[in-house]
1. Give me the one-decimal nm value for the distance between modelled label points at residue 37 and residue 193, 7 Å along each residue's Cα-to-Cβ direction.
2. Viscosity 0.692 mPa s, temperature 37 °C: give me the Stokes-Einstein translational D for region 246-297 in µm²/s, with Rh taken as the Kirkwood radius over C-alpha pairs.
3. How big is the charge dipole of region 2-152 about its Cα centre, in debye rounded to the nearest 20, if each Lys and Arg gets +1 on its Cβ and each Asp and Glu gets -1 on its Cβ?
4. Filter 79/258; 197/258; 52/97 down to the pairs with a C-alpha to C-alpha distance above 28 Å, please.
5. So, with +1 on the Cβ of K and R and -1 on the Cβ of D and E, and no other charges, what is the size of the charge dipole of region 215-335 about its Cα centre, to the nearest 20 debye?
6. Below 13 angstrom from the Cβ of residue 60, what's the summed charge of the other residues (Lys, Arg +1; Asp, Glu -1)?
7. Viscosity 0.890 mPa s, temperature 25 °C: Stokes-Einstein D of region 284-406 from its Kirkwood Cα radius, in µm² per second?
8. Which net charge results for the neighbourhood of residue 150, defined as the other residues with beta-carbon distances under 10 angstrom from its beta-carbon, given Lys and Arg at +1 and Asp and Glu at -1?
Amino acid sequence: MRVNVNDNENIIGTLVLPLWQGVESLDDNACTGLHRVLRSQIETVLIDGDFKAKSGSVMTLRGTEGGKAILVGLGKPEKADSNSVRNAGAGVISHRKRSDGTDLTVRFHDVDVALMSAFVEGMILRDYKYDHYKTKGADDEEEEGDLSVEITCEEDKVEALKAASELSAQVASGVFLARDLGNCPPNDLYPMAYAHKAIEWAKDLPNVNVNIITYDEAISLGMGGLVGVGMGSERKPCMVIFEMNPKEAGPSPCIVGKGITFDTGGISIKPSPNMDEMKYDMHGSATVFGVMQALAATGWQERVVAITCMAENMPSSNALRPGDVITTYSGKTVEVLNTDAEGRLVLSDGLCKAGEMNVSYIIDLATLTGAIVVALGHEATGMWTNDDQLRDSLKTASDACDELIWPMPMLPQFEKEMTDSKIADVRNLGAGRAGGSNTAAAFLKQFVPKRGEGEDAEDIPWAHLDIAGTAWGAKSNKLVPHGATGIHVRTLHKLITGQ
């Protein structure tokens, strides 16, 4: 989508007219350049109550000599917020038909810059499709070009809206990359394929280094979590380490992502229904890559580190077995009770590696448990943390982006449950189904690295985000047409940059 912001009176293509609820006539300032026939038709549907402009409502007026218009309801001014207006913008794109054309003019009047910016961001984020594998036949309709959107508003708001729209487009490039990675079929996106994409991406960025820890190197380093999960597949695991602006002084933020490119469950194999969705089990790593792209697009100049733990969890004669004990990169041993609790194993090595990278805090993202979907549905991401300040900062950033994060409890009993193995330091499964997302977080906490030595050592600030309910299948998320959501690219960009 190409977006241009100006204050001129021209209407190019289909007019998009955001309206407040209760408006029965158009202000003369909003109608400059509008054909009198189209204006009459718009005012008729407003006066007759055919379009009440309730929040999220959309009506298209076609077939008049005055052109076409899409009316968009913003709801009542006193109840409008960034989320409702952002969804209204997304509704324009989901409602648009081929016959409306690819040229749109959005005319704002009497809307503040923050809400206009949210509306434009909604349009940008919804304008996404993943059709790389669709073939076109000779009889198919000619493929549409990209959307071209002219945004018009009052002169004194143009520069601020232009800057906000440009930022939204830059950050959206990271969201779209994360969605592309999540939606890519697992026969084409496997651990080393992800690594190669990262290497190719970094070639054009002089301020980004990408290093790969291969399968053989992971074995020699003692990364038993990563190796154990991925050794049953022909497509071997790897760890991908991004470092942006490496010459800048640390300590720096570190984002760690679970990257299971396909999860059969291993020997503890999953039931077959909906197993195709397990291509999304690498969305933590997709978000990590998307965050780095967003930071690159917005020209971030400070150091940021990111680590993705890539593996394919397959059953085979040399796959990890229930009952095995593995030694992780930290040196701690883990009794494997279920090979489908694999994400926490690869993350144990990623978290430990993060401790070597001179970091200020660590945030991991993982489609870790079905239990979090039971707890929070598809509406919110669960968060566990050892640091109140990091919790509050993450919550503030997520609220600003309307990507809801919900704090969850890290109770001592959960940690006790995960450290009561009779034969190893830690077990990879709780004693029962109760509190499954909490025990998974408690497992990860055992591998959070410390800063300092001896009795003075303290845990590095850390937060775990379980995105199993928000990474895909969120039908209530109006910003996503289908599939992977690119969740928390915007949140983490906001957290790191403040923008």
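Derivation of every value follows stated rules applied to the coordinates shown; laboratory data play no part. The structure presented is a predicted model; accordingly, all values stated were derived computationally and were not measured. In this analysis, Cβ positions are derived from the backbone assuming ideal geometry, glycine residues included, and neighbour counts consider all displayed protein chains.
1. If labels sit at residue 37 and residue 193, their model points lie 5.2 nm apart.
2. Working: Rh = 13.2 Å.
This corresponds to a translational diffusion coefficient of 248 µm²/s.
3. The calculated dipole for region 2-152 is roughly 400 debye.
4. Over 28 Å Cα-Cα: 79/258.
5. Details: 9 positive and 13 negative charges, 18 e Å.
The dipole of region 215-335 has a size of about 80 debye.
6. Values: positive: 62, 68, 96, 97, 98; negative: 50, 100.
Combined, the nearby Lys, Arg, Asp and Glu give +3.
7. Numbers: Rh = 16.8 Å.
Rounded, D is 146 µm²/s.
8. Working: positive: 2, 107; negative: 103.
Around residue 150, the charge tally is +1.
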